[in-house]
Each structure stands twice: as structure tokens, then as C-alpha cells.
Amino acid sequence: MTRIDDIPPAWDERTQLTTFLDYARDTARAKCEGISAENARRALLPGSPLMTVSGVINHLRWVEYHWFQVVFLGEEDRGPWTDEDPDREMRIAVDFPLTRLLDEYAEQSARYRELVAGNSLDTRAERAFRGGHHVDLRWILLHLTEETARHNGHLDILRELLDGTTGV
């Protein structure tokens with residue numbers, strides 16, 4: 001996999017924001033390269049039984065879905081979670097090959113790149129967020145970059161514990 005650089009090709013705000021999100025996405029995918037199907041499903045942290053490589057990737061995919069389609073576009077929430085199982089996307093991830101999860105994440109990311117390109121950064125989300133705030137697209141991009149980068153740290157830890165791989 002070729003990972004993009006975090007240096008944007010242009011210095012306007014949109015390009016900087018989208019470059020950093022793409023860099024974080026690419027980093028998550030790079031951390032999965034060469035991992036075995038068995039290791040992708042292994043939970044190594046006793047206090048976090050849902051924290052698997054597959055679970056993190058599926059979570060990232062569904063978090064983007066939630067922010068772009070449910071919050072920003074105002075679509076009906078068709079995510080895998082339920083009130084009884086709010087972390088279901090992480091639980092069910094072990095039922096799918098990691099390659100499938102990564103492919104779905106990449107395909108979805110491409111669609112969201114187009115969505116972002118077609119909207120102003122000032123466009124407000126259709127659905128309100130905490131406290132009734134209608135965040136703008138800029139906030140969503142920043143939030144997703146933060147969320148993906150944070151989970152990349154989890155992937156770092158998992159990968160090192162699984163097979164000793166570091167530095168990706």
C-alpha cells in the first residue's frame with residue numbers, strides 16, 4: 001500500500017483538512033498490512049475485549065458513516081449498533097475477514113471524499129449534536145481526524161503485542 005504524505009499538495013484549508021484525514025486513514029490501513037486473519041481477531045487487552053484490529057477498523061468505518069451520513073446528511077441511522085449493544089460494530093467485526101473490512105473502509109472513504117469536495121466547509125449538519133449544535137463540515141473533518149489518529153494509537157499497541165511490528 002502506498003501511504004500518502006501528511007504534507008498537503010496545496011495550503012488552502014480544505015486541502016489541509018482532507019490531507020490529514022486521508023493520512024490518518026492510510027495510516028490505519030498501513031498498520032494492518034501483513035497481519036494474519038487470526039491476529040486481526042485477537043483481543044489482547046483484558047479490560048477491553050472488543051479491542052481487536054478488526055474491531056478498530058470496523059469502528060472507524062462506522063464512525064465515518066455516522067458523522068457523514070447520519071449527522072451531516074441527516075439520513076436514517078442504519079448502523080450496526082443498538083441501544084442494548086452500542087459497540088456492536090466492534091463485536092461483529094471478528095465475523096468478517098479483515099481484507100473485507102479494509103476494502104469497505106477504503107470504498108466508503110472515497111465516497112466521503114466526493115461528499116466533502118461537493119460541500120462548503122461552512123455547511124451545517126442536518127442533525128443536531130450534543131447540546132443542539134449543528135456542527136459544520138469543517139468540525140466533522142477535524143473530529144474524524146482526531147478520532148482516527150487516536151485509534152491509530154490503539155492499532156500501534158495491538159500490532160506490537162500481536163507480532164512485534166512497530167514503526168508503521
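The values are calculated or read from the model by the stated rules, or taken from the named source; none is laboratory data. All values derive from a computational prediction rather than experimental measurement. Quick reminder, even Gly has a Cβ in these numbers, built from the backbone with ideal geometry, and neighbours come from all protein chains shown. Each accessible area value is taken on the protein alone, full model and side chains, heavy atoms only, with ligands, DNA and RNA left out. Shrake-Rupley method; radii C 1.70, N 1.55, O 1.52, S 1.80 Å.
Can you name the residue in the stretch 4-44 that is open to solvent by 60 Å² or more (accessible area, probe 1.4 Å), of a type in the set (A, V, I, L, M, F, W, C) and without any contact (Cβ under 8 Å) to a residue 60 or more places away in the chain and is also nearest to Pro97 (Cα to Cα) among such residues? The qualifying residue nearest to Pro97 (Cα to Cα) is Ile4. Of all residues in the stretch 131-150, those satisfying the criterion of being more than 25 Å from Met51 (Cα to Cα), under 20 Å from the mean Cα position of the chain (by Cα) and outside any strand (DSSP E or B) are Val135, Leu137, Arg138, Trp139.
Go through Val71, Val56 for me and flag whichever is among the hydrophobic types (A, V, I, L, M, F, W, C) and in contact with a strand residue (DSSP E or B) (Cβ under 8 Å, 6 or more places away or on another chain). It is Val71.
Checking Pro97, Pro86 one by one, the residue that is of a type outside the set (Gly, Ala, Ser), in contact (Cβ under 8 Å) with a residue 60 or more places away in the chain and open to solvent by 60 Å² or more (accessible area, probe 1.4 Å) is Pro97 and no other.
When residues in the stretch 131-168 are screened for being open to solvent by less than 30 Å² (accessible area, probe 1.4 Å) and free of Cβ contacts under 8 Å to residues at least 40 places away in the same chain, 2 of them pass. If only residues of the stretch 100-130 that are over 15 Å from the mean Cα position of the chain (by Cα), open to solvent by 30 Å² or more (accessible area, probe 1.4 Å) and hydrophobic (A, V, I, L, M, F, W, C) are counted, the one that is modelled with the lowest pLDDT is Phe129.
Residue count for the stretch 46-61, restricted to those that are free of Cβ contacts under 8 Å to residues at least 40 places away in the same chain and open to solvent by 10 Å² or more (accessible area, probe 1.4 Å): 4.
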